[in-house]
Amino acid sequence: MMQAPGVNAMLFGQLLRRHRQESGLSQGRLALRAEISERTVSDLERGVSGTARAETAHQLAKALSLEGADRNEFMEAAATGRTADRAGETRNRATAVRTMPRGVVHFTGRESELQVLINTADDDWGETAPICAIDGMAGAGKTAIAVHFALRTADRFPDGQFFVRLHGHSADRLPVDPLDALWALLIADEVALQSIPDNLEARAGMWRKRAAGRRMLLLLDDAISTEQVVPLLPSSSGTLVVITSRKRLAALPESRRISIDVLRPADAACLFARLADLPGLQPSDASVTEIVRLCGYLPLAVSLLAGQLKHHGAWTVADVAANLAEDDNRLARMAAEHVSVAAAFDLSYRNLPADLQRLFRRLGLHPGTDIDAYAASALDGSDLATTATQLDALYGYHLIDEPARGRYRFHDLIRDHARSLAALDPAADKTLAIDRLLTYYQQAAQKADVYLARYTRPAAASVTVSAPLALPGVLNRNQAQAWMTAEHANILACIGYARRNKLHAQLVSLAEAIATHLRICGPWDSAATLHLAAAETAMLLGDEIGQANALHQLSVIRRVLGDYPGQTVALEQALTIYRDHGNLLGHANVLTDLGLVRYSTDDYPDAILVLEQALNIYRQLDERLGEANALYRLGAVFESTSDYPSAKHLFEQALAIYCDRNDRTGEANALNELGAVRHLTGQYLEAAVIHGQVRDIYRELGDRLGEAVALSDLAHARMATGDYADAILMAEQARSIYCDLGSRLGQANALKCLGTARLATSDFAASASLLEQARDIYHSLGDRVGEAGALNSIGTLTLSCGDPKEARRIHEEAHELAREIHASLEEAHALEGIGKCVLATGNTELAIGTLRQALDIYIRIGAPEVGRVSAEVGSLCQT
């Protein structure tokens, strides 16, 4: 009884018939050319005798003059049928051909990768076969690079090029067994079927023997592991082996490795424009740039979108870009016929063991952009060592990248795929995973904040103490700052997640834990929004201490933004809550910052009053850090009122406590102010040395605000010693940091310093612009000391430009401001400026009187200007 034809045999028969008819051959003529019987051709076309044996398939392909992709398809169809018909002889469908598949028509970029392949072929590998392993994520174009190289360098391999599909990631095929791959290679090398040994070692030996002394290229495509390819490797140096794989073949150390990343943005745009092939379309078009960005610069995604655009005449590039940007499921759009990006990713995912699949899905739940083993351990609920091993395994599969040691991240499209898979998990599992993650970030951030916080906070009810998780070993301030910097974006992303999902307690606790870091590094605008939201959320929870803490943090940010009225409101609200609860620590903390507000708005008597109240409470509580902070800020007030001895004494007391506590930030703050006192008393060189030391400390600590302050003060010291070029450089650096942080007061200080330096170098136009900008900012902030100082500098500039009348008016405006707030130094500067303006108009007697008023103030406050003004007055009196 005749057996019914199988599907594979029928498909091969149809393919054979099509090629025969296209060649214009009858069955008899084809049989003659192939040196087989006409009955064999007839049976094969009808599928009644299975598919062709390997030798028969080769003879038929030769008789039909098949080449390239057609030959590959024909030989693979024959092998597929044989595998199905001869189950047991070849367990998996393996094919090898002596020609390369069709190359990519619009191959783009990859110059450096191709050069590595060429170098591998050219280099001296001694007696061993040169091997180049190309690995990369699904859709990156690994096979395209390998085939393009093979086609471009065919003349280098006169003894042939072999292409073997190992099906490491195929939807309907298992990975090829090495035994079957060797069988296919030997058949492709025209070894008679009956001569091929049955066992792996013998087949590998035969292949190595046949490859010896020949110059060939062996392309092993889509390998699943090192074990799969090792038996296929020749032993002689003549054959170049190129392997492509989605896995990093780490157990093949003798290979030269090329890890394929996504395309460069410019190359991705060129590829899209070439494939779309629309009149006038340029890679530089904004819509093209947006499309390839949303494709993550992945060649497969770019190709699919370009193909869609090419075959939909009614679509525009802008339509594709807009649809892709608006779609919550970008991957769904990246498909054509049986090819899709999601399916390619899913093949990688399905090769993972169950525990790695679970971790992959849970990583998709992370709201941030990257992750380390600690956070991944919390998210997955596994121990740290296991998670670290699993992350490395996912990295090996090219499902995550490692842009920095120990930190992993998804490609954007793979993240989308992980999230789509995670969406199918039970809701309870996802909730527990996210809760563990947020708890981890809360605990780790609180641990780091211990080394960063500038004062001890009262405990809030919202800050829960959960079961301890594995936490990083943060042992000092530098490590704490480094951890906060690395996790900054992740914590903000988690806070955003908590806000969107109404996880109120987590929002409040995370906002408090990151508060100090946000003050140091910004961005301040978003920090203000965050602390306001935390205050409102804590109020909803009935957590009044948490609300007061958030209001206090809000006040800190409003201060550095120069919003003194807003800061005062937040402080007074927090103070009321702390008083109502009898919380002395919170009360003292707020009083300290309230004293700083009074100082910043030139209300020096009230500043001293509230700071002394805070100091007494801290001493009552034996809260040494708070005591040092209060002393430091009292010193700043006395410095501004020109009581330099008192300021120096207070700064030294604060410095002693900071040093005793090994508080490097406090030490830097106090040292910087001691440097400022030296500057104000004429010790410019000593001041410059101190400010330079402080700048280095702040840089070491990663405190950008502190660094900017020290740079600004260093600029003033350099200017006082006549080093205007260095002063301008320091001031520009300070200004850049202040702009990054959004500190308007800092910007004004830097602008004033720059304007003064430009004035000293006679660059009057630049000086005028800079000083006017500084004056406007000071005025808008309500900083009258700063405004008076800017006005005095503008007055000096105006006099230098030959307008003593206008210069006098400006100095008089500065004098009035300075007198109102008891800013003695600026009052004296204004009087000195007025005296010089009067002298310029020829009224020497009035000029002497005004200069003597300035001299009296300089003498009273111990300012270094005493010598200069005294000499000037003496000179005028002798004339």
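The values are calculated or read from the model by the stated rules, or taken from the named source; none is laboratory data. Since the model is a prediction, treat every value here as computed from it, not as a measurement. Because the Cβ atoms are built from the backbone with ideal geometry, glycine has one as well, and the counts that use them run over all protein chains shown. Heads up: the accessible areas ignore ligands, DNA and RNA and are worked out on the full protein's heavy atoms, side chains in. Shrake-Rupley method; radii C 1.70, N 1.55, O 1.52, S 1.80 Å.
Kindly indicate the residue of the range 229-274 that is crowded, with 20+ Cβ neighbours inside 10 Å and more than 20 Å from L218 (Cβ to Cβ) and also nearest to the chain's Cα centre (by Cα) among those meeting that condition. Step by step, filter the range 229-274, then rank; the result is V262.
One line per residue, one yes/no per condition, for (1) within 21 Å of V508 (Cα to Cα); (2) open to solvent by less than 10 Å² (accessible area, probe 1.4 Å); (3) modelled with pLDDT of 95 or more; (4) touching a Cys at 6+ places or on another chain (Cβ under 7 Å):
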{"site": "I557", "(1), (2), (3), (4)": "yes, yes, no, no"}
{"site": "V569", "(1), (2), (3), (4)": "yes, no, no, no"}
{"site": "T592", "(1), (2), (3), (4)": "no, yes, no, no"}
{"site": "G595", "(1), (2), (3), (4)": "no, yes, no, no"}
{"site": "S600", "(1), (2), (3), (4)": "no, no, no, no"}
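A138 fails exactly one of the following numbered conditions: (1) at pLDDT below 90; (2) in contact with a His (Cβ under 8 Å, 6 or more places away or on another chain); (3) not hydroxyl-bearing (S, T, Y). What is the number of that condition? Among (1) at pLDDT below 90; (2) in contact with a His (Cβ under 8 Å, 6 or more places away or on another chain); (3) not hydroxyl-bearing (S, T, Y), A138 violates only (1). Checked against (1) touching a residue at least 24 places away in the same chain (Cβ under 8 Å); (2) open to solvent by 20 Å² or more (accessible area, probe 1.4 Å), A748 passes all but a single condition, namely (2). I'm trying to understand the selection: among the residues of the range 275-293, which are open to solvent by 30 Å² or more (accessible area, probe 1.4 Å) and in a helix (DSSP H, G or I)? Of everything in the range 275-293, those that are open to solvent by 30 Å² or more (accessible area, probe 1.4 Å) and in a helix (DSSP H, G or I) turn out to be L275, A286, S287, T289, E290, R293.
Restricting attention to the range 53-105 and to residues that are among the β-branched types (V, I, T) and touching a Gly at 6+ places or on another chain (Cβ under 9 Å), the residue that is modelled with the highest pLDDT turns out to be T99. Within the range 248-261, being in a loop (DSSP other than H, G, I, E, B) and out of contact with any Gly (no Cβ under 6 Å at 6 or more places or on another chain) holds for L249, A250, A251, L252, P253, E254, S255, D261. Cβ-Cβ distances below 6 Å connect the following pairs, each with a first residue in the range 727-739 that is without any contact (Cβ under 8 Å) to a residue 60 or more places away in the chain and in a helix (DSSP H, G or I), a second residue that is open to solvent by 10 Å² or more (accessible area, probe 1.4 Å) and among the hydrophobic types (A, V, I, L, M, F, W, C), and a separation of six or more residues or different chains: A727/M719. For the range 712-725, the count of residues that are in contact with a Lys or Arg (Cβ under 9 Å, 6 or more places away or on another chain) and farther than 24 Å from P864 by Cα is zero.
Within the set of pairs 6 or more residues apart or between chains, which connect a residue that is hydroxyl-bearing (S, T, Y) inside the range 332-343 to a residue that is at pLDDT 85 or above with Cβ atoms less than 7 Å apart? Correct list of pairs: S340/M334.
Let's see how each residue does on (1) open to solvent by 60 Å² or more (accessible area, probe 1.4 Å); (2) over 30 Å from D776 (Cβ atoms):
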site	(1), (2)
H488	no, yes
N501	yes, yes
T516	no, yes
L530	no, no
A548	no, yes
Q553	no, no
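Looking only at residues of the range 275-300 that are over 23 Å from the mean Cα position of the chain (by Cα) and in contact (Cβ under 8 Å) with a residue 40 or more places away in the chain, we find that the one that is farthest from G139 (Cα to Cα) is A276.
In the range 50-63, what residues are part of a loop (DSSP other than H, G, I, E, B) and crowded, with 21+ Cβ neighbours inside 10 Å? Result: T51, A52. Considering R808, R819, the condition of being basic (K, R) and without any contact (Cβ under 8 Å) to a residue 12 or more places away in the chain is satisfied by R819 alone. One residue is enough: does the range 372-391 have a residue meeting the conditions within 18 Å of A489 (Cβ to Cβ) and open to solvent by 50 Å² or more (accessible area, probe 1.4 Å)? Checked against the condition, which is being within 18 Å of A489 (Cβ to Cβ) and open to solvent by 50 Å² or more (accessible area, probe 1.4 Å), the range 372-391 yields at least one hit. Do any helices (runs of 4 or more DSSP H) lying entirely in the range 636-711 carry at least 3 residues that are closer than 28 Å to D606 by Cβ and either open to solvent by 10 Å² or more (accessible area, probe 1.4 Å) or in contact with a Lys or Arg (Cβ under 9 Å, 6 or more places away or on another chain) (or both), and which ones are they? Hits in the range 636-711: 644-660, 664-680.
Can you tell me which of G364, G313, G307 is open to solvent by less than 60 Å² (accessible area, probe 1.4 Å) and farther than 19 Å from L263 by Cα?
Values: G313 fails: open to solvent by less than 60 Å² (accessible area, probe 1.4 Å); G307 fails: farther than 19 Å from L263 by Cα.
Answer to the check: G364.
Just to be sure before I move on: is G742 surrounded by 15 or more Cβ atoms within 10 Å (Cβ to Cβ) and out of contact with any Leu (no Cβ under 8 Å at 6 or more places or on another chain) in the structure I sent? Taking the combined requirement at face value, the residue does not satisfy it. Scanning the range 636-663 for residues that are among the aromatic types (F, W, Y) and under 21 Å from R454 (Cβ atoms) yields F638, F651, Y658. Of all the criteria given as (1) in a helix (DSSP H, G or I); (2) within 19 Å of A715 (Cβ to Cβ), the one not satisfied by A828 is (2). Among the helices (runs of 4 or more DSSP H) confined to the range 428-534, the ones with at least 2 residues that are at pLDDT below 90 are located at 477-500, 515-521.
Only residues that are open to solvent by 40 Å² or more (accessible area, probe 1.4 Å), outside any helix (DSSP H, G or I) and farther than 13 Å from A286 by Cβ: list them for the range 316-334, please. D327, D328, N329, listed by residue number. Taking the range 762-808 as the range and being touching a helix residue (DSSP H, G or I) at 6+ places or on another chain (Cβ under 8 Å), among the charged types (D, E, K, R) and open to solvent by 60 Å² or more (accessible area, probe 1.4 Å) as the test, the residues that pass are E772, R784, K805, E806, R808. Is it the case that some residue within the range 780-790 is without any contact (Cβ under 8 Å) to a residue 24 or more places away in the chain, under 30 Å from S600 (Cβ atoms) and not aromatic (F, W, Y)? No, the range 780-790 contains no residue that is without any contact (Cβ under 8 Å) to a residue 24 or more places away in the chain, under 30 Å from S600 (Cβ atoms) and not aromatic (F, W, Y). Only one of the numbered conditions (1) free of Cβ contacts under 8 Å to residues at least 40 places away in the same chain; (2) within 26 Å of L294 (Cβ to Cβ); (3) assigned to a helix (DSSP H, G or I) is violated by D392, and that is (2).
For the range 154-182, how many residues are out of contact with any strand residue (DSSP E or B) (no Cβ under 7 Å at 6 or more places or on another chain) and either open to solvent by less than 10 Å² (accessible area, probe 1.4 Å) or closer than 18 Å to S225 by Cβ (or both)? Break it down stepwise before answering.
The first filter runs over the range 154-182 and keeps only residues out of contact with any strand residue (DSSP E or B) (no Cβ under 7 Å at 6 or more places or on another chain), leaving 155-156, 158-160, 170-180, 182.
Checking the rest, the ones that are also either open to solvent by less than 10 Å² (accessible area, probe 1.4 Å) or closer than 18 Å to S225 by Cβ (or both) come to 170, 173-180, 182.
Of the residues in that region, 10 qualify.
Screening F272 with (1) under 22 Å from D328 (Cβ atoms); (2) part of a helix (DSSP H, G or I) gives one miss only, at (1). State whether one or more residues within the range 398-417 are of a type in the set (G, A, S) and crowded, with 17+ Cβ neighbours inside 10 Å. No, the range 398-417 contains no residue that is of a type in the set (G, A, S) and crowded, with 17+ Cβ neighbours inside 10 Å.
Looking only at helices (runs of 4 or more DSSP H) that fall completely inside the range 121-240, which ones have 2 or more residues that are farther than 24 Å from R257 by Cα?
178-188, 200-211
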